[in-house]
């Protein structure tokens with residue numbers, strides 16, 4: 001986790017040369033994730049909050065600033081050794097035993113919680129970018145596949161017209177034209193979606209909504225094998241969200257301890273120097289300045305306030321504990337749902353790629369040859385074309401859903417399942 005944090009800091013603090021330019025020509029998921037880590041303001045805000053709270057630890061564990069006082073006598077106070085004209089004082093407050101260390105612990109817990117929230121914010125951003133990238137890629141493949149179907153139907157229309165000229169019915173040609181119109185309408189609708197998809201990805205990258213982006217270059221796929229029980233058992237160690245909530249509980253415990261210690265006094269030690277003038281009468285110690293040592297304690301005698309302070313800290317600790325317990329339960333359910341989606345996407349990818357799409361292609365070819373030979377109705381050919389279109393789009397949808405589910409699983413568990421997808425095999 002430390003290595004991961006250092007990597008995030010480096011990405012936030014330094015810019016990769018030419019990364020913005022590369023997005024204009026070669027939009028890869030890796031480049032998009034890196035660009036987002038460098039430029040997203042919400043992530044940078046979380047980073048600065050974390051670093052600010054880290055610095056605050058030194059403030060909380062330090063002693064209060066010493067107090068320097070000065071007093072001037074508007075009317076000198078006559079003493080045996082001379083008139084007192086002015087006084088200087090220096091004092092230092094020392095909190096009661098254990099209070100400083102508890103303040104440091106509370107500040108450390110708070111800083112650690114925000115450090116985990118920063119990591120979670122990065123995971124959330126990666127999930128948003130990955131989903132937007134996958135949806136844009138799916139749109140590209142939908143357009144490509146639809147264009148291929150249009151070309152195919154145009155070819156089939158030519159075949160139908162050729163047969164019509166030889167005396168065959170006109171109906172197949174009309175059916176081809178109807179199907180062609182349906183596909184062209186679908187293509188127009190898909191093309192209209194590009195601007196919205198690009199704006200969504202640009203928003204996550206902190207770019208203007210209408211900034212140009214090329215089509216994504218690819219969307220790799222690799223089978224994911226995860227032991228569900230192992231993932232759930234390791235959540236306490238891997239999930240930044242749970243870690244942040246656990247730090248909140250620890251902070252609550254330390255606040256309770258500090259509230260109880262506030263019932264005991266703090267101590268203040270000081271020294272005062274009194275400037276004394278020469279005495280009116282000759283005495284042996286005339287004009288001798290006075291030096292006084294002081295000690296003081298506060299009196300925490302308002303018992304109602306003390307009880308309320310302790311009760312308030314206990315309520316906050318209980319709230320933090322209940323929040324952690326609730327999220328542990330809901331997080332388990334969320335992860336199981338995402339794992340189901342991953343398994344379902346894996347199943348569909350293999351089903352469509354290895355079985356349904358090849359069979360649909362074969363069916364289309366058989367129906368085409370049958371129609372050309374006068375043994376098949378043209379409507380069967382159109383039906384075969386529609387089935388192939390549906391299967392190919394479903395395959396691409398499953399690929400996109402698989403990557404989106406990987407990102408969602410990374411966000412929930414804290415483990416990086418996105419990089420494995422980026423370097424997998426299509």
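Only the coordinates and a few stated rules stand behind these numbers; no lab work does. In this text the structure is predicted, and so the values were computed from the model without any measurement. Neighbour counts are summed over all protein chains in view; Cβ atoms, including those assigned to glycine, are modelled from backbone coordinates with ideal geometry.
What base-10 log of the normalised intensity I(q)/I(0) is obtained for the stretch 206-250 from the Debye formula, alpha carbons as equal point scatterers, at q = 0.13, 0.17, 0.26, 0.33 Å⁻¹? Here log10 of I(q) over I(0) equals -0.67, -0.75, -0.95, -1.12.
Helices in the chain, meaning DSSP H runs of at least 4 residues, each add -39500 (n - 2.57). Divided by all residues, the mean residue ellipticity at 222 nm is -24000 deg cm²/dmol. Our note on the geometry: Cα centres of the stretch 171-220 and the stretch 42-72, 53 Å apart. Axis of helix 357-372 versus longest Cα principal axis of the chain: the two differ by about 30°, to the nearest ten degrees.
Rounded to whole Å, the principal axis extents of the Cα atoms in the stretch 142-270 read 113, 40, 24, largest first. Mean separation of Cα pairs under 8 Å and 6 or more residues apart, divided by the residue count, gives the stretch 65-154 a relative contact order of 19 percent.
Rg(Cα) of the stretch 230-330 divided by 2.2 N^0.38 Å? Show your work: numbers first, answer last.
Details: Rg = 27.2 Å, N = 101, 2.2 N^0.38 = 12.7 Å.
In units of the globular-protein estimate, the stretch 230-330 measures up at 2.14.
Contact order for the stretch 273-395, expressed relative to its length and based on alpha carbon pairs under 8 Å spaced 6+ residues apart, stands at 16 percent.
Compute the label zone of residue 377 within the stretch 169-186: residues whose backbone N is under 19 Å from the point 7 Å along Cα-to-Cβ. It comes to 169-180, nothing else.
Overall form of the stretch 340-426: prolate. Here a/c, set by the Cα gyration tensor axes a ≥ b ≥ c, is 1.5 or more, and a/b is the larger of a/b and b/c. Share of Cα-Cα pairs in the chain beyond 39 Å, in percent? Looking at the chain, the distances longer than 39 Å represent 50 percent of pairs. Computed from Cα atoms, the angle from the helix 2-13 axis to the main principal axis of the chain rounds to 90 degrees. Ranked from largest, the principal axis spans of the Cα set of the stretch 363-414 equal 60, 13, 8 Å.
Could you tell me which of rounded, prolate or oblate describes the stretch 47-183, using a ≥ b ≥ c as the square roots of the eigenvalues of the alpha-carbon gyration tensor, with rounded for a/c under 1.5 and, failing that, prolate when a/b is larger than b/c and oblate otherwise? It comes out prolate by the Cα gyration axes. A Förster radius of 60 Å combined with the Cβ-Cβ distance from residue 226 to residue 263 puts the calculated FRET efficiency at roughly 0.70.
Take every Cα pair under 8 Å whose residues are at least 6 apart in sequence, average their separation, divide by the length of the chain, and the relative contact order is 23 percent. Obtain the radius of gyration and the Kirkwood radius of the stretch 290-380 from its C-alpha atoms and give Rg over Rh. My calculation of the ratio gives 1.74.
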